[in-house]
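The values are calculated or read from the model by the stated rules, or taken from the named source; none is laboratory data. Predicted, not measured: the structure shown is a model, and the values here were computed from it. Here Cβ is always computed from backbone atoms with ideal geometry, including for glycine, and neighbour counts include all displayed protein chains. To get the accessible areas, we keep the full protein, side chains included, count just its heavy atoms, and leave off ligands, DNA and RNA. Shrake-Rupley method; radii C 1.70, N 1.55, O 1.52, S 1.80 Å.
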Amino acid sequence: MDGLNLDALLLTGSANIRYLTGFSGSSALALVTIREVVLITDARYETQAVDQAGAVARIDIQPQSLWAGLWPRIAAATGVHVIGFEASHLMHRDFQRLLESGSRWQWRPTTDIVEVLRERKDPEEVAAIRRAGEMATKALESVLSRVAPGMTELAVAGMLEKALRDEGSEAFPFPTIVASGPRSALPHAGSSVRAIEAGDLVLMDFGAQAGGYCSDVTRTVVIGRADARQREIHDIVREAQAEALAGVRAGITGQAADALARDYIDRRGFGARFQHSLGHGLGLEVHEAPRLSRQADAILPTDAVVTIEPGIYEPGWGGVRIEDDVHLGHAGSEVLTHFTRELLEVA
Ligand code: ZN
Ligand code: ZN
């Protein structure tokens, strides 16, 4: 805040508020000044706010509007004139409130102030992601033997989500993707009522949440016996992922990381079929900084946790993606998710 010439910072992004205060409720404002952090929330969260954030923030419970609580707080803080707000996390109607709050304060848009802090994980954060990764791989382990032809994608997604809950997952970082047959060629397909058939590729992309932190894992299997084409494509994706897992580290750019897998897939002739980026940061949110893509010229910082998820998608035929989570530690990178990357034939 000093460097940005801000006297205070108003946080409205819930993941950023959670990162700085520990509060995980869905409705809150946080005002950060040089002296203190004030967490303003509503009466539903009174106990929770004190439990989670009481040690680091002053808790202000507002019966009606959180904003009604904000103005007197700012007025009471001495020396506060220039206040940053989060340009990426403020509704337009709330921006209007800032404009209407009078000329006493100068509001300045900011981006990524807390997001940048969140990129580097401390050991407790890495441990939470590792736990979430174990929940995800154990859930997959328990479900694969029960997948059979005739089940819908949604039914398999339901089994997987039940298993994630059984393993202790607090929530689903994103709706589980189960995409079968030709639908596996849609990199971000939702699960559908399509019934899985013998011979299908089935792509499963899912994650768990532990202590607020997310994991994100993908495996692609074949129902019954894999044919030569399925094996060939899966081999290329697995090799590309192995190259990236071996080479990704803190200190290289997101672009260079992306190229580790992309160059391999290019050389094998499928470059045009790997249309998305190699990976993304993982933490309180399932997609956060840093990015691993052709456009990402920023350096991957020490202690980031990122996904490595190359894929090849042939419209009308199907697709293969393999995704794991990696901690870019000071002494080297460590893969946090462990499940075979060989092509599994199930059912
Ligand atoms: Zn994923
Ligand atoms: Zn991902």
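Side notes on the structure shown:
- Members of the range 191-208 that are away from ligand 1 (no atom under 13 Å from the Cβ) and either open to solvent by 10 Å² or more (accessible area, probe 1.4 Å) or touching a Pro at 6+ places or on another chain (Cβ under 7 Å) (or both): S191, S192, V193, R194, A195, I196, E197, A198, G199, D200
- Candidates A240, A226 - the one that is away from ligand 1 (no atom under 15 Å from the Cβ), closer than 23 Å to G133 by Cβ and not in a strand (DSSP E or B): A240
- When restricted to residues that are open to solvent by 20 Å² or more (accessible area, probe 1.4 Å), over 17 Å from R249 (Cα atoms) and in contact with a strand residue (DSSP E or B) (Cβ under 7 Å, 6 or more places away or on another chain), the range 287-323 contains 1.
- For first residues located in the range 171-189 and free of Cβ contacts under 8 Å to residues at least 40 places away in the same chain and under 17 Å from E161 (Cα atoms), partners that are in a helix (DSSP H, G or I) and open to solvent by 30 Å² or more (accessible area, probe 1.4 Å) and lie 6+ apart or on another chain with Cβ distances below 7 Å form the pairs F172/E161; T176/E161; A189/R183.
- Those helices (runs of 4 or more DSSP H) lying entirely in the range 29-124 with at least 1 residues more than 16 Å from A8 (Cα to Cα) and polar (S, T, N, Q): 46-53, 92-100
- Complete set of residues in the range 135-160 that are surrounded by fewer than 19 Cβ atoms within 10 Å (Cβ to Cβ) and closer than 21 Å to G212 by Cβ: K138
- Answer residue from the range 315-347, given it is among the polar types (S, T, N, Q) and in contact with a helix residue (DSSP H, G or I) (Cβ under 8 Å, 6 or more places away or on another chain) and is farthest from P187 (Cα to Cα) among those: S333
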